[in-house]
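Participant: If you scroll down you'll find the structure; I have some questions about it.
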Amino acid sequence: MSQGFIQLHRKILDEWFWSDSKLCHLMITLILEANHQLQEVSFQGKKRTIGVGETIRTTRQLASITGIPKSSISRMLKKLCEVNEIRILETKASHIKVLRYNQFLTSDLDENWDKDGTGMGLNNNDNNTNTIADYESAKEEFFNDEESVNKVMNDFGINSISKLEDEIDHLIADYLEKGKSTKNFLSSVNKWLIIRRKNLGKYGNKIIAESQLFD
């Protein structure tokens, strides 16, 4: 598996797991280990098909490859399953499927992905773009969901509804200006705030951070 290469898109730097060095190490290892084409192998005396984006590795093997303790590998695989990054198929070894494999190799790291498995959708027109009415409707639906609002505010340390509303208005304006679309508004809100927090941490200045966010 050490032969060849993959074209890993730099947008992976914006992914939620990037700031966790061990989790990021494991995730990139799984992407590198995953098949780029369908392959049939002999596994425990039986023919088994490994699809694109899949690999068969035990936790012991992954620990050896990454240098991460086996107990931590098991815990992190469970976490990646919980957030819909991977699926572990039934086998005595870990037959692992990277659910967004193709996206990691292109520029299509999609805001429509929802790591929580649920989300608020937007209606799309024939051009697959969202109108201001779509966004305003999604915004209203979001603020009517008290549980989602509270979770976002707690996760990102936002202490007032008006501050959160300002952030979402900036998000909508940016998406409209750039012609971006989303099918999952809640996921887009989370990604927007993750990038903003990263920029604030990187630049240490609100004005500079915002200029980087809106470029």
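The numbers here are math on the coordinates, done by the rules we state, and not lab data. Computed from a prediction, not measured in an experiment: that's the story for all the values here. Note: ideal-geometry Cβ built from the backbone for every residue, glycine included; neighbour counts use all protein chains shown.
Participant: Over 19 Å between C-alpha atoms is what I'm after, so list which of K11/K97; K139/K180; K11/K178; K22/K79; K79/K139; K139/K163 land there.
Facilitator: K11/K97; K79/K139
Participant: By counting other Cβ atoms within 10 Å of each Cβ, how are L80, L38, L30 ranked from fewest to most?
Facilitator: L38, L80, L30
Participant: Mind checking region 1-100 for chymotrypsin sites (Phe, Trp or Tyr not before Pro) that DSSP puts in a loop (not H, G, I, E or B) and that have at most 10 other Cβ atoms within 10 Å?
Facilitator: Taking region 1-100 and a limit of 10 other Cβ atoms within 10 Å, the loop chymotrypsin sites (Phe, Trp or Tyr not before Pro) found are F5.
Participant: Shape call for region 10-104 from the C-alpha gyration tensor, a ≥ b ≥ c root eigenvalues: rounded (a/c under 1.5), prolate (a/b greater than b/c) or oblate?
Facilitator: Cα axes put region 10-104 in the oblate bin.
Participant: Going by C-beta contacts inside 10 Å, put S72, S181 in order with the fewest on the left.
Facilitator: S72, S181
Participant: Oh, and also: Calculated FRET efficiency, S64 and I6, Cβ-Cβ r, R0 30 Å, to nearest 0.05?
Facilitator: About 0.90, to the nearest 0.05.
Participant: Right, something else. Residues with beta-carbon under 12 Å from that of A133, excluding A133: net charge, scoring Lys, Arg +1 and Asp, Glu -1?
Facilitator: -2
Participant: Run the quick spin-label model on S21 and K78: label points 7 Å from Cα toward the beta carbon, then report their separation in nm to one decimal.
Facilitator: 2.4 nm
Participant: Rank the residues R57, R87 as a footprinting-exposure proxy: fewest other Cβ atoms within 10 Å of their Cβ go first.
Facilitator: Neighbour counts put them in this order, fewest first: R87, R57.
Participant: With charges set only on the Cβ (+1 for Lys and Arg, -1 for Asp and Glu), what does the dipole of region 10-104 come to about its Cα centre, in debye to the nearest 20?
Facilitator: 300 debye
Participant: Less than 11 Å from a label point 7 Å out along the Cα-to-Cβ axis of L89: which backbone N atoms in region 47-69 qualify, by residue?
Facilitator: 48-56
Participant: What nm distance separates the two modelled labels at K46 and K151, each placed 7 Å from Cα along Cα→Cβ?
Facilitator: In this crude spin-label approximation the distance works out to 3.6 nm.
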